[in-house]
Structures are given as C-alpha cells and as structure tokens.
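Q: Got a structure for you, questions after.
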Amino acid sequence: MSQFYFMKMNCKYILLLIMSLFFLGCGQHSKKNTTSNSYKVFANGMPEDNEIIMSSCRIIGKDKKNSIISFDDGKNFYKVSKSMFSRSHNIVDSLIKSERNSNVSHRPHSISDYFIQYVGYTEGNKHYVYVNLSTFITNQYLKSGLVLTQDLDNDLYLDKDAGYAGYIIIDIQNNNVLKYKFEDNIVE
C-alpha cells in the first residue's frame, strides 16, 4: 500500500514538472514581462487549435458590469453544440476575412492571431453565441515554481492587459452577426 502511495505521489510531481517545463519551454512564443512575474503567450505562436467551446462561463474583468456580456439580466449560459460551433466558426471566419479586406479603422488581425472563445446564451426564446477574441493570455510564475495560466475553458477575460481584443455576437437561430467590435491589441 505504501509503495502504491509513493508511486502515486511521484506521478503527480512528475506531471507538475512536465507541465511547468512545457509552459517555461515556450520561450519562442512568449514574452516575459520584466516588471512582474508574468509572461504573455500569443495565440499565433500556439501549435494547437485556438478555438475553445467554453464548458462554463465566469466573466473576469475590471469593468465587467459595463461589458457587453453578462449573465444577470435574463441571460442564461449554455454550452455550444458541435453544429452551433461549426456554424459560428464559419460566420466568424467570414466576418474577419471581410473586415480585413475593408478599409476600417480597427481592422481585425488574422483569425490565427486570436484565442477564440465560444459562449452560448439565451435571452428569452432567442439563442446567441458570444465570441470572445483575445490575442494573448498571461501566465504567472508562482513562488513554488509552478505556472498559473488563464482558464480559457471557463473564464472570459475582458481586459486588454489580459489579451482581450474584441467580440462578436451571433444570432445562431438566424445565422447572422448582431454586433461586433475589434480592438487593437498586441500581436507578436
């Protein structure tokens, strides 16, 4: 029994070490902030898919009460289905390509420059998909040597210093964009 416990504890430490090395080893895609113990990981430097269907939704931001998205005024969160994700992705891709070709003041970055979070919500009988755009996430070094990273599966970050770069609201029942805003934010 004690040998099993020892092996189990070693596995946890090895997994933590591997995770720490992975985040620390992304030096070519991250930028260390010299004034604090944090660094940025940019979406365009990530080898995996940057689109996330959120499992839950907690809004994080300095001014979240004045944000375009909240779940206190008759809006209810739901997880976006695969078919809704597919339709939403096509709408987002089309909008970004169209806006990049136009001559607007806040032209969006390439779609690969964003972490894209998909959040479903209902308001009355209507179903919407809120699409959050972030150009980077911020990771923090802890004194213990571990790295604390933003949780893109569950948290919406609405501050520019946390990577926020705009949003798109889709009426998923009618497959059209209701509202959107692209904001300038750093892309490395």
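The values are calculated or read from the model by the stated rules, or taken from the named source; none is laboratory data. These figures come from a predicted structure and were not determined experimentally. Please note that ligands, DNA and RNA were not included when accessible areas were found on the heavy atoms of the full protein model with its side chains. Shrake-Rupley method; radii C 1.70, N 1.55, O 1.52, S 1.80 Å.
Q: Counting only residues that are open to solvent by 10 Å² or more (accessible area, probe 1.4 Å), in a strand (DSSP E or B) and not β-branched (Val, Ile, Thr), which one in the range 125-154 is farthest from Asp49 (Cα to Cα)?
A: So in the range 125-154, the residues open to solvent by 10 Å² or more (accessible area, probe 1.4 Å) come out as 125-128, 137-138, 140-154.
Retained after the next criterion (residues that are in a strand (DSSP E or B)): 126-128, 137-138, 140-141, 147-148.
Cutting the leftovers down to not β-branched (Val, Ile, Thr) gives us 126-128, 140-141, 148.
Numbers: Lys126: 29, His127: 25, Tyr128: 23, Gln140: 22, Tyr141: 24, Leu148: 20 Å.
Step by step, filter the range 125-154, then rank; the result is Lys126.
Q: Please specify each residue of the range 155-167 satisfying the condition of being small (Gly, Ala, Ser) and not in a strand (DSSP E or B). Quick ask: steps written out before the conclusion?
A: From the range 155-167, those small (Gly, Ala, Ser) are 162-163, 165-166; that's our starting set.
Hits for the range 155-167 are Ala162, Gly163.
Q: Still on this structure, I have one more. Of all the residues that make up the range 160-188, how many are open to solvent by 30 Å² or more (accessible area, probe 1.4 Å) and modelled with pLDDT under 85?
A: Taking the range 160-188 first, the residues open to solvent by 30 Å² or more (accessible area, probe 1.4 Å) are 160-161, 173-181, 183-184, 186-188.
Next, only the ones that are modelled with pLDDT under 85 stay: 160-161, 183-184, 186-188.
Selection size over the range 160-188: 7.
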